[in-house]
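Below is one structure, written out as structure tokens; the observations come after it.
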Amino acid sequence: MSAPLSGPGSATQTPGREPARPGLPRTSRTARNHAPITATGLVVKVVLLGLVAGIAIWAAFPLIEAGHWIGLGVLAATTAGLFYLYLSRRHIPAKYLVPGTLFLIAFQVFPVLYTASTAFTNFGDGHRGSKDDAIVAIQTSSVKQVPGSTEYNLSIATKGDPATGSLVFLLSDPKTKEVFAGDAGGLRKLDAADVTVSSLSGKVTAADGYTVLNIGQASGRSDAVTALIVPTDDGAIRSNGLTRAYEGKAARAYDAGCDCVKDSETGKTWSADEKAGSFVAADGERLTQGWKVDVGLKNFSAVLTDPNISKPFFGTLAWNFAFAIGSTGFTFLLGMAIALALHSPRMKGTNFYRVLLILPYAMPSFAMLLVWRDMFNTDFGLVNNLFGLDVDWFGGSWSARIAVLLVQLWLGYPYMFLVATGALQAIPRELTEATSVDGATPWQSFKAVTLPLLLVALSPLLIASFAYNFNNVNAILFTTEGGPFAPDNPRNGATDLLITYTYRLAFGAQGAEFGLAATVSIFIFAIVATVSAISFRRTRKQEEVYS
Amino acid sequence: MRIRTAGVVAVLGLALAASGCGDSGSDDKPAADQSAKATGGKLVIWADDKRTAALKPFAEEFGKENGVTVEVQAVSKDLQTNFVTASQQGSGPDVVVGAHDWIGNMVQNGAIDPVQLPAEQKSGFNETAIKAVTFNGQLYGVPYATENVALIRNTELAPEAPKTIEDLVATGKKLKAEKKATEILCLQSGQNGDAYHIYPLYTSGGGNLFGTTANGDYDPKDLGVGKPESIAAFQKIAKLGEKGDGALKRSITPENAISTFTGKKCAFLVSGPWAVADAKKANIKYDISPVPGFAGGKEAQPFVGVQAFYVAAKGKNKALAQEFVTNYVTKPELAVALYKAEPRPPALTAAFDQVKGEDADLAKFSEAGKNGQVLPAIPAMAAIWDPFGKAEAAIIGGADPAKTITAAGKTIQGQIK
């Protein structure tokens, strides 16, 4: 999107002029004055800048509503900066770099930073919100009906205008037929002469001095209805929906003085533990509703010291490498072999074969993984039935590993075949012909000419494929689910990748633990980043050798 | 020229921005108009695909009757997780429909509020269902259907309902020898086990998951897995496994258990009401009886699960949500319609009696669940499923029960906070 925005000097480069090299300072005053402004360029510019402004305004309202002034400031500064950049004629390099940088920050840097910051918290089930949220949840969930109290029929009314007037509960007692008006000030008995009570529903339908709301009107003021609590001697009358009310009492209340929650029925107290983000009683009992707190390096030390996590970590890491290398290597070998075979000029009907070979790639891999899982079933699977075997594929560690690699091979080779075919066609035939003139065998010529040239083109793709397979969740979760598991350790299986293992640790038991998951993913990120950095460095060396 | 271009760009940009702004404004406007017409409230309900279809007509009727807008939104995957996450962000629904074993997690995340049902309304429900939605002494949902597994048998292959598991194995072995079936029993396990389906056998063998506190709630501090009773239960289960009778097999998975039964490859299937539709479609003559226990063992108790409506704690229209859940969901007509969308026994006694006559299977499933145990809703239950299932699979495959179950118990204990 940046090219048309840059205005002068890009699309309209006059032929024959030296292409501008990056980093080379240009005295662009002359160039700028010469570059014509095309209608298309202008329209594109206007539309894109209009979009930017539109998105900014669209994003601003929720920010204002939530009072995120820092966010609003960032939004305003970014938008103003973008307008300045593309309306001014200077800062040509920035015009190219800024969009990509913004996307990089939004979709790469921010998630990484967010993950990293989550790793230092106990964010997870039971610890999702703030302490205030937890207190509200504890208090509302302890509201119980006062034993033996009356269930009232409720009509919601206002004094004055239905939309703005202050709310009043008109309560009729179904047994005594008495009618009360209740608001935050308390309960008042109304004179039977002033009210009309429906004999059918038992609800007040009209009352002197009040406007009775219908359900639609009342539901429009739902928050106020829920918030209205009529104090009584034993507790308070609360609405239960829009047609009934009950006298309830919150058994548990938060006391800011002792920073604890007290139960008025049992007298038990739970004190806030800011380190754990929970209310804990003297006997160690926790209230289920907790809140999110910073736990420092606790998650990191858990990963390193918990024997359940750290003991299988290195075994899993080794298999993870084997899986990624195996998936990439075998698919590459098979794909390349087929590409070579079809590349041979003596081969007939190559197009037909190519279409046939692409088929596995054209099918959705999700569905194919599930089909393969069923094909490896011991008793009902196609693999065993076809070959007359009785192998418990996913039941044994090594057979399960072989099975997932076979599935990966089937799913992945068409891609390697495609890219290898493309790369092969880019290698001039003269080179191989020259080697055969020199008396090289086909194998020698392949080894000395074709393969190195292929690798120059395909190395980045192989690295990408490795990185992808290193974290290939689907390939495992849809087939073996990480199994088979040793009888004495249900948390780590023979085909688990680090990522599926993390998933199980974080979400498999006792609800979601995002903090721990973020910590393990930081470890994985470090490993993949190191591997990629080393391989790219090697690739660069290789390119220098052959180019 | 330069200034002119910049000017044009700025003006057009502003115009577009204004139109963008106008868009969002016009988005708000109809809503405002509508609310003026409908006088306000909007109720948003989240349910899974099947129930959304059944709920829609009733939700619309409720909206029309009361002059409010009701939206039923289908969440086809991970409804509970999505609900908890969305409600944390304040973008959740007002009402959510789901299984009762979600309650523990939804409560610990402050996502749902207790429901106040008057005693006479409560008494209209199946007692087990009310017990299931009660958590920490509070009622958290209004139940509408119950479900449990039973033994479904092909009456052409096995005319008599087996009294014990041993009877069942004997019949199954005979059928296998006569080449009338290839499997003894279709009880799904897979490589990672299935705690829900094996549970009747586990209880018959004497095992339990949690002890109970004085008031009858499950006690997460008293874990039954790993105790001698649980090991004894799994020793009995091991005898049915691949190294024993071969009645339990890891190759029978959640995906192929029902289809193997409808394909007449096994005479017995342990499954729930959801399997009946498939059996009918395949024209199988079937009958339903309780899952039998071990000879001389305890009663085989299946898990009883309950589907319920919950009021979201952070919904935008709580009063309306309470109104809908306590006064509208409790109507028998709605329960019958939900039953027709998916045939699970209604939790409302009146609705159950109404459909019982037309569907004999219902009574049989309900009979099979009579002695069942309510699926624990405590958050600690989340720690059970995975290790318990894997231990089951390992034991079916021939692993040593004592060692495996002790390890599983340890893992579960370590997960329970």
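Take the Cα coordinates of segment A:212-300, assign each an equal point scatterer, and use the Debye formula without solvent to give log10 I(q)/I(0) at q = 0.13, 0.26 Å⁻¹.
At q = 0.13, 0.26 Å⁻¹ the computed log10 ratios are -0.66, -1.21.
Using only the alpha carbons, work out the radius of gyration and Dmax of the protein assembly as shown in angstrom.
When restricted to Cα atoms, the protein assembly as shown yields Rg and Dmax of 33.9, 118 Å.
Using a basic spin-label model with each label point 7 Å from the Cα along Cα→Cβ, how many nm lie between B:Asp219 and B:Ala119?
That separation, rounded to one decimal, is 2.9 nm.
Less than 14 Å apart at the alpha-carbon level, and either on another chain or at least 8 residues along: which aspartates and glutamates does that give for A:Lys131?
A:Asp255, A:Asp259, A:Asp273, A:Glu274, A:Asp294
Over the Cα atoms of segment A:60-198, what Rg and Dmax result, in angstrom?
28.4, 84
By a straight-distance test (C-alpha under 17 Å), which lysines pair with B:Lys281 as possible cross-link partners, with residues fewer than eight away in the same chain excluded?
Excluding near neighbours in sequence, the set is B:Lys264, B:Lys265, B:Lys340.
Return the loop-located GluC sites (Glu not before Pro) in segment B:317-389 (DSSP other than H, G, I, E, B) with at most 11 other Cβ atoms within 10 Å of their own Cβ; answer none if there are none.
Hits after loop and neighbour filter: B:Glu358.
I'd like the carbon and sulfur percentage of the solvent accessible area for chain A, probe radius 1.4 Å, heavy atoms only, ligands and nucleic acids excluded.
Result for chain A: 64 percent of the exposed heavy-atom area is carbon or sulfur.
Kindly rank A:169-180, A:147-158 from highest to lowest mean number of other beta carbons found within 10 Å of each residue.
Packing proxy ranking, top to bottom: A:147-158, A:169-180.
Give me the percent relative contact order of chain A, please, defined on Cα pairs under 8 angstrom at least 6 residues apart.
Dividing the mean separation by the residue count of chain A yields 13 percent.
Among A:Thr328, A:Thr79, B:Ala132, whose Cα sits farthest toward the positive end of the charge dipole of the protein assembly as shown (+1 at Cβ of Lys/Arg, -1 at Cβ of Asp/Glu, about the Cα centre)?
My answer, from the dipole projection, is A:Thr328.
In whole angstrom, how long is each semi-axis of the equivalent ellipsoid of chain A, when you take the square root of 5 times every eigenvalue of its Cα gyration tensor and sort them from largest down?
Output for chain A: semi-axes of 64, 38, 24 Å.
Which residue, B:Ala177, B:Ala267, B:Ala150, has the most motion in a Gaussian network model of chain B that connects Cα atoms within less than 10 Å?
B:Ala177
In Å², what does the accessible area per residue of segment A:262-352 work out to with a 1.4 Å probe?
Per-residue value: 55 Å².
Measuring from label point to label point, each 7 Å out along Cα→Cβ, what is the A:Val47 to A:Lys447 span in nm?
Each label point lies 7 Å from its Cα, and together they span 5.7 nm.
Under 15 Å Cα to Cα from B:Lys122, which aspartates and glutamates show up? Leave out anything in the same chain fewer than 8 places away.
A:Glu151
Find, among the trypsin sites (Lys or Arg not before Pro) in segment B:157-243, those assigned to loop by DSSP (not H, G, I, E, B) with at most 10 other beta-carbon atoms within 10 angstrom.
Here the trypsin sites (Lys or Arg not before Pro) that fit, given the DSSP loop and packing criteria, are B:Lys179.
For segment B:236-299, what's the radius of gyration and Dmax over Cα atoms, in angstrom?
13.2, 37
Please work out the Cα convex hull volume for chain B and give it in Å³ per residue.
Taking the convex hull of the Cα positions in chain B, it is 195 Å³ per residue.
Quick check on chain A: helices-only [θ] at 222 nm, where DSSP H runs of length 4 and up contribute -39,500 (n - 2.57) each and the sum goes over total residues. Nearest 500, please.
-16500 deg cm²/dmol
For a protection proxy built on the mean count of beta-carbon atoms within 10 angstrom, sort B:51-58, A:56-63 highest first, please.
Result, highest mean Cβ count within 10 Å first: B:51-58, A:56-63.
Among B:Lys56/B:Lys77; A:Lys447/A:Lys541; A:Lys249/B:Lys318; B:Lys173/B:Lys370; B:Lys163/B:Lys403, which pairs are too far apart, with a Cα-Cα distance over 21 Å?
Violating the 21 Å limit, Cα to Cα: B:Lys173/B:Lys370; B:Lys163/B:Lys403.
Only Cα pairs under 8 Å and at least 6 apart count here; give the relative contact order of chain B as a rounded whole percent.
25 percent
Using protein heavy atoms only (no ligands, DNA or RNA), what is the total accessible area buried between A and B, 1.4 Å probe, nearest 100 Å²?
So the buried area, both faces added, is about 5700 Å².
Assuming R0 = 22 Å, what is the FRET efficiency of B:Asp359 and B:Lys77, from their Cβ-Cβ distance, to the nearest 0.05?
0.15
For segment B:246-366, what is the accessible area per residue in Å² when the probe is 1.4 Å?
For segment B:246-366, the per-residue accessible area is 34 Å².
Order the peptides B:95-106, A:444-455, B:401-412, A:530-541 from the highest to the lowest mean number of other Cβ atoms within 10 Å of their residues.
B:95-106, B:401-412, A:444-455, A:530-541
What share of the DSSP beta bridges in the protein assembly as shown is antiparallel, in percent to the nearest 5?
85 percent
For segment A:273-337, which trypsin sites (Lys or Arg not before Pro) are both in a DSSP coil and crowded by at most 13 other Cβ atoms within 10 Å?
For trypsin sites (Lys or Arg not before Pro) across segment A:273-337 that sit outside H, G, I, E and B with at most 13 neighbouring Cβ atoms in 10 Å, the list reads A:Lys275.
Scale the Cα Rg of segment B:278-405 by the rule-of-thumb value 2.2 N^0.38 Å and send over the ratio, two decimals.
Segment B:278-405 yields a ratio of 1.40.
Measure nothing but the geometry: give the 0 to 90° angle between the long axis through the Cα atoms of A:451-470 and the longest principal axis through the Cα atoms of chain A, rounded to 10°.
20 degrees
What does the charge dipole of the protein assembly as shown about its Cα centre add up to, to the nearest 20 debye, if the Cβ of each Lys and Arg holds +1 and the Cβ of each Asp and Glu holds -1?
Around 3420 debye, computed over the protein assembly as shown.
The values are calculated or read from the model by the stated rules, or taken from the named source; none is laboratory data. All values derive from a computational prediction rather than experimental measurement. When we count neighbours, we look across all protein chains shown, and the Cβ atoms used for this are built from the backbone with ideal geometry, even at glycine. In case anyone asks, the SASA skips ligands and DNA or RNA and just uses the protein heavy atoms, side chains included. Shrake-Rupley method; radii C 1.70, N 1.55, O 1.52, S 1.80 Å.
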